[in-house]
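Computed from the coordinates by the stated procedures, all read-outs in this text should not be read as laboratory data. None of the values given here were measured: they were computed from a predicted structure. We place every Cβ from the backbone using ideal geometry, glycine too, and count neighbours over all the protein chains shown.
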């Protein structure tokens, strides 16, 4: 049974899932920063690609960690995540729109698109998890 | 029936009182604003870009400063039930206003920088200041996406329950207001950068 009579301030422990998502966001920002700092000149792509790869690995790690988390308020997680996904979809869509509109193409466009996709996956996971982790579940 | 976890004095909010998560009128207004922004970007209308960037940016900065330095101290002095009622109204509105304001500021700002040739080769003399602005925006994004908004959503979700957890709401509101204060300070550096660029 869930004990709701005890004062409960939520999950106060530091979470590897949150750390992993913050790592992903920082990696994405560094990857995008390298390209943006060189616009309109050609950016050394290896730096951006390296940070994107790190972000992708961290994203996979986050998904695995969330799937393995028991007990977990999955319903609440998806309830929040789907709405956040919609918001980030608009935000990323606007970002992609201006970048394509301004004539960015080739490798920088591919890297920035991947960064936006990683944002699209990670921000909903972060916000959904931030809510679901405080939910008291049986056991 | 269990007690209100964390704080027995916490106000009880019934499901019927909870209302919609985000006001529908707000979503419609936000969509209209975004459509207008898309049209302005497509036409590269400098006045429109300037207007969107300045208006949304000012709203963003003012909101952060107002939340961190005025609303925050006031809320910390309210009793828990009053704080919960106020937080519910405030957070619901913030869920619509802030994302829209962020989208408008960043997208219009980026396009404006392109139109104003701040991203030209060889690099414009203002290039360093543009980079500084982007670095501050990156910091703002990290703080907003990892601390501010999750705290906002936790409070909103909690307030929609029939028995909100006052202790959790208090903890999250504290985090929300402290983060808004830090963002406010960072926003002051954005003001310096933007004034420098505007008066170059």
Would you kindly compute the Cα radius of gyration of segment B:87-135 and its largest Cα-Cα separation (Dmax), both in Å? 15.6, 51
Once both axes come from the Cα atoms, what is the angle between helix B:46-66 and the longest principal axis of chain B, in degrees from 0 to 90, rounded to 10? 40
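Tell me, what is the Rg over Rh of chain A, with Rh the Kirkwood radius over Cα pairs? Please list the in-between numbers first.
Working: Rg = 17.8 Å, Rh = 16.5 Å.
Ratio of gyration radius to Kirkwood radius: 1.08.
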Against the longest alpha carbon principal axis of chain A, how many degrees, from 0 to 90 and to the nearest 10, is the axis of helix A:45-68 turned? 20
When only alpha-carbon atoms are used, what values of Rg and Dmax, in angstrom, describe segment B:21-198? 18.0, 61
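Helix-only mean residue ellipticity at 222 nm, the protein assembly as shown, DSSP H runs n ≥ 4 weighted -39,500 (n - 2.57), per residue, nearest 500. What is it? Show your work: numbers first, answer last.
Values: 12 runs with 249 residues, N = 339.
Here the helix-only value at 222 nm equals -25500 deg cm²/dmol.
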Return one number: the angle in degrees, 0 to 90 and rounded to the nearest 10, between the long axis of the Cα atoms of helix A:107-132 and the longest principal axis of the Cα atoms of chain A. 10
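Kirkwood Rh over alpha-carbon pairs of the protein assembly as shown, then Stokes-Einstein at 20 °C and 1.002 mPa s: what D in µm² s⁻¹, rounded to an integer?
Details: Rh = 21.2 Å.
Here the translational diffusion coefficient equals 101 µm²/s.
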Modelled label-to-label distance, residue A:57 and residue A:137, 7 Å Cα→beta-carbon offset: nm? 2.8
How compact is segment A:50-98 by the rule of thumb for globular proteins, expressed as Cα Rg over 2.2 N^0.38 Å? 1.44
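Given the Cα-Cα distance of residue B:196 and residue B:120 and 0.36 nm per residue of separation, how much length would full extension add, in nm? It would help to have the intermediate numbers written out before the result.
Working: separation 76, 0.36 × 76 = 27.36 nm, distance 1.86 nm.
Result: 25.5 nm gained on full extension.
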